[in-house]
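Beneath this line is the structure, given in structure tokens, with notes to follow.
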Number of protein chains: 2
Amino acid sequence: MMTIKVAVNGYGVIGKRVADAVRAMPDMELVGVADVATDWRIRTAVGLGIEVFAATPDAGTAMRAGGVPVAGTLEDLLDRVDVVVDTTPKKVAARNLEVYKAAGVKAVFQGGESHATTGHSFVAQANYATALGRDTTRVVSCNTTSIVRVLGALQDAGLLARARGVLIRRATDPGESHQGGIMNTVVPEASIPSHQGPDARTVLPDLDVVTMAAKAAHTQTHNHYWTLQLTRPSSREEVLDALRAAPRIGFIRMADGLTALNTTVELMRDLGRPRGDMWEVAVWEDVLTVEGDEAFLTYQVYNEAIVVPETVDAIRALAGTVTDGATSIAMTDEVLGMRREFLPDPVGALRA
Amino acid sequence: MMTIKVAVNGYGVIGKRVADAVRAMPDMELVGVADVATDWRIRTAVGLGIEVFAATPDAGTAMRAGGVPVAGTLEDLLDRVDVVVDTTPKKVAARNLEVYKAAGVKAVFQGGESHATTGHSFVAQANYATALGRDTTRVVSCNTTSIVRVLGALQDAGLLARARGVLIRRATDPGESHQGGIMNTVVPEASIPSHQGPDARTVLPDLDVVTMAAKAAHTQTHNHYWTLQLTRPSSREEVLDALRAAPRIGFIRMADGLTALNTTVELMRDLGRPRGDMWEVAVWEDVLTVEGDEAFLTYQVYNEAIVVPETVDAIRALAGTVTDGATSIAMTDEVLGMRREFLPDPVGALRA
């Protein structure tokens with residue numbers, strides 16, 4: 001299989017995780033990363049033996065002055081790759097699009113950008129095929145990715161008529177919680193619907209979904225609560241089977257002592273995962289309730305990590321090296337160590 | 001008008017507020033409070049000139065030893081009153097019921113007790129009349145009170161078919177947040193429905209309501225998110241008019257900079273309210289959205305205070321001194337200073 005040469009532009013929360021994932025994939029080579037940082041963040045990449053490029057000429061001067069060995073410019077990096085993953089901050093990425101086009105490099109953007117920037121939004125299990133061979137796509141945000149995975153699974157099973165959700169978001173990421181965080185409050189989003197519902201329709205156009213959102217005073221992972229109108233009376237087992245039929249949905253249980261967001265976060269650390277990441281959407285199996293033709297459920301979204309496998313698949317889809325989405329998903333998930341269950345003999349699995 | 005002689009048993013988060021409210025009512029007299037505490041909590045009452053009684057003989061000994069002047073036993077206090085408000089911790093109150101019965105004193109319990117303890121659950125605007133002259137009633141919990149106020153208003157207007165809610169609860173109260181709090185996480189309630197939905201039906205039996213709940217890492221006020229199926233297509237103004245027709249619902253607005261729970265808490269402090277309390281349910285007027293036959297809204301519940309006016313009305317209902325609920329509500333609300341709007345010329349009121 002041809003090796004896909006990849007660049008990552010923006011070595012932040014998502015970029016550094018994508019860089020690691022790309023390095024782990026047997027069919028990919030991380031040629032280098034570009035950034036403008038001069039501090040510990042980019043010097044960590046240097047320490048890992050990753051070639052570092054300056055995203056702008058000014059940044060290059062500052063980086064060299066700060067002791068960061070700079071291998072060249074963004075353009076130099078682009079000359080050497082097939083696909084660039086743009087994980088720069090919101091608004092920067094849209095400007096970068098022209099640079100990538102001029103260099104003839106395919107580009108994967110992230111959910112901070114608008115759908116219009118690429119004209120294609122991506123969640124591997126939903127629409128890998130339509131991204132095949134395209135020049136650009138946008139991996140939707142962490143919240144939207146989780147919505148498409150879970151609601152998409154129920155839609156695929158013919159079970160979902162309508163979804164109404166409340167998203168309790170983390171206030172900010174751990175590495176940024178010394179600035180711009182919130183304490184001892186909840187901040188409701190000022191408008192309904194919040195953007196995640198409409199955003200999910202960029203991938204699943206037929207979804208009848210409305211979301212309300214709020215930020216709470218914690219730093220790791222989002223927590224969604226859904227009221228689902230089903231197409232007909234159903235059962236817990238049927239709904240769970242529909243979720244089990246889809247990739248990248250894991251199950252956790254109150255009965256296992258996984259009773260709050262922090263317990264799952266701690267479990268991921270204990271499982272030895274890089275940075276304690278959880279790439280799965282973690283559905284509380286024993287909280288999920290079906291009453292007649294309604295289902296109620298809650299799940300946890302590891303916002304720093306969930307889009308990483310999607311980004312890996314998006315690289316393959318643009319490169320066109322793997323034409324079948326399920327094959328790409330399986331390759332990615334095996335390398336990362338994605339799981340359906342996190343514990344041996346889980347209570348729920350034994351019951352099932 | 002006859003003065004109702006009132007005792008408060010349990011000088012905690014609710015009890016101390018009820019004691020103050022009773023002292024402020026022209027038709028009530030606070031004869032005394034009973035407790036078992038020996039520290040600053042009960043000594044504050046002493047400093048306010050409130051007569052303090054020992055809830056148990058052992059407590060009396062300890063209180064006297066701790067320098068708390070004790071006026072007598074709970075039985076002594078009960079001898080002198082018409083109505084006792086039981087604000088003791090969960091499970092203690094149910095045992096107290098027999099004591100109150102033996103003393104021939106009417107009793108108002110709080111939402112920590114089960115409906116079965118009294119056979120009657122109370123929210124003034126919904127069912128004042130059915131409590132008239134009864135020996136006991138139970139003022140439902142803060143969350144349930146807010147649900148009955150808001151959903152009851154829409155039901156009264158013939159607008160509500162079905163309500164599905166998510167409750168983001170405060171982790172613990174400010175005065176107890178040095179113990180039993182949570183930090184940097186969200187704790188989902190393990191079962192669906194959470195108890196508040198069914199509890200609301202103890203007051204409004206016809207309500208079609210399901211609630212999911214979670215505790216977040218903050219100490220003041222709950223935040224509810226509702227998806228409401230209306231009986232027919234409606235409009236924002238019609239839904240707001242239905243809320244305006246009910247008592248004890250206030251309006252706040254993102255446009256006024258009231259953008260998070262803490263901002264409303266600060267506003268209540270700035271308004272000079274005792275302890276910064278908010279007795280109203282505060283609906284975000286400019287977030288409320290109506291789409292066809294669905295309404296979406298969020299409101300804030302000041303859990304330490306919202307049941308205080310209900311408790312005052314419950315005292316009157318049991319005493320039977322005021323037979324009309326609306327009259328009692330108006331009396332209570334005028335004395336407390338309850339408001340529909342918290343700011344002069346609010347943006348939304350001008351728009352309306």
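The values are calculated or read from the model by the stated rules, or taken from the named source; none is laboratory data. Treat the numbers as computed from the prediction; the structure is a model and nothing was measured. With ideal geometry, Cβ positions are generated from the backbone for all residues, glycine too; neighbour counts draw on all protein chains shown.
Points to keep in mind about this one:
So that you can scan it fast, the table gives a plain yes or no per residue for (1) under 22 Å from A:Gly292 (Cα atoms); (2) surrounded by 24 or more Cβ atoms within 10 Å (Cβ to Cβ); (3) in contact (Cβ under 8 Å) with a residue 12 or more places away in the chain:
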position: B:Ser121; (1), (2), (3): no, yes, yes
position: B:Arg134; (1), (2), (3): no, no, yes
position: B:Ser146; (1), (2), (3): no, yes, yes
position: B:Thr172; (1), (2), (3): no, no, yes
position: B:His178; (1), (2), (3): no, no, no
position: B:Thr202; (1), (2), (3): no, no, yes
position: B:Asp206; (1), (2), (3): yes, no, yes
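- Some residue of segment B:41-51 being under 21 Å from B:Ala131 (Cα atoms), surrounded by fewer than 21 Cβ atoms within 10 Å (Cβ to Cβ), modelled with pLDDT of 95 or more and within 24 Å of the chain's Cα centre (by Cα): no
- The single residue among A:Leu271, A:Leu297 that is within 14 Å of chain B (Cβ to nearest Cβ) and either in contact with a His (Cβ under 9 Å, 6 or more places away or on another chain) or surrounded by fewer than 24 Cβ atoms within 10 Å (Cβ to Cβ) (or both) turns out to be A:Leu297.
- Set side by side, the residues B:Thr327, B:Thr323 differ, and just one is in a loop (DSSP other than H, G, I, E, B), surrounded by fewer than 21 Cβ atoms within 10 Å (Cβ to Cβ) and modelled with pLDDT of 95 or more, which is B:Thr323.
- Being under 20 Å from the mean Cα position of the chain (by Cα) and either more than 11 Å from chain A (Cβ to nearest Cβ) or modelled with pLDDT of 95 or more (or both) is a property that holds for B:Arg248.
- Only residues that are in a strand (DSSP E or B) and either within 14 Å of another protein chain (Cβ to nearest Cβ) or more than 29 Å from A:Val209 (Cβ to Cβ) (or both) were counted across segment A:153-178, and they come to 9.
- The residue of segment A:179-227 that is nearest to the other protein chains (Cβ to nearest Cβ), among those that are charged (D, E, K, R) and part of a loop (DSSP other than H, G, I, E, B), is A:Glu189.
- Here B:Met278 meets the list (1) outside any loop (DSSP other than H, G, I, E, B); (2) closer than 27 Å to B:Asn127 by Cβ almost entirely, failing just condition (1).
- Given (1) without any contact (Cβ under 8 Å) to a residue 40 or more places away in the chain; (2) buried (at least 23 other Cβ atoms within 10 Å of the Cβ); (3) among the hydrophobic types (A, V, I, L, M, F, W, C), number of the condition B:Ile182 does not satisfy: (2)
- The residues of segment B:236-275 that are within 30 Å of B:Asn127 (Cβ to Cβ) and touching a strand residue (DSSP E or B) at 6+ places or on another chain (Cβ under 6 Å), listed by number, are B:Arg236, B:Val239, B:Leu243, B:Ile249, B:Gly250, B:Phe251, B:Ile252, B:Leu261, B:Thr264.
- Residues being within 30 Å of A:Lys101 (Cα to Cα) and of a type outside the set (Asp, Glu) - total across segment A:276-329: 23
- If you go through segment A:64-74 and keep only what is outside any loop (DSSP other than H, G, I, E, B) and surrounded by 13 or more Cβ atoms within 10 Å (Cβ to Cβ), you end up with A:Arg64, A:Thr73, A:Leu74.
- Any hit, segment B:301-323, residues being under 24 Å from B:His218 (Cβ atoms), within 14 Å of chain A (Cβ to nearest Cβ) and not β-branched (Val, Ile, Thr): yes
- B:Ser146 falls short on exactly one of the conditions (1) out of contact with any His (no Cβ under 7 Å at 6 or more places or on another chain); (2) in a helix (DSSP H, G or I); (3) closer than 20 Å to B:Leu240 by Cβ, and that condition is (1).
- Check on B:Asn262, among the polar types (S, T, N, Q) and touching a helix residue (DSSP H, G or I) at 6+ places or on another chain (Cβ under 8 Å): no
- Lone unmet requirement of (1) at negative phi; (2) more than 14 Å from every other protein chain (Cβ to nearest Cβ); (3) part of a loop (DSSP other than H, G, I, E, B) for B:Gly133: (1)
- Residue check: A:Glu238 meets all listed conditions (1) more than 14 Å from chain B (Cβ to nearest Cβ); (2) surrounded by fewer than 21 Cβ atoms within 10 Å (Cβ to Cβ); (3) assigned to a loop (DSSP other than H, G, I, E, B) but one, namely (3).
- Qualifying residue in segment A:83-92 (condition: touching a helix residue (DSSP H, G or I) at 6+ places or on another chain (Cβ under 7 Å), assigned by TED's automatic domain parsing to the domain that holds A:Thr327, part of a strand (DSSP E or B) and more than 29 Å from A:Ser177 (Cα to Cα)): yes
- Condition met for B:Leu288 (touching a His at 6+ places or on another chain (Cβ under 9 Å) and either hydroxyl-bearing (Ser, Thr, Tyr) or surrounded by 20 or more Cβ atoms within 10 Å (Cβ to Cβ) (or both)): no
- Positions within segment A:257-313 being more than 18 Å from A:Val148 (Cα to Cα) and β-branched (Val, Ile, Thr), in sequence order: A:Thr259, A:Thr263, A:Thr264, A:Val265, A:Val287, A:Thr289, A:Val290
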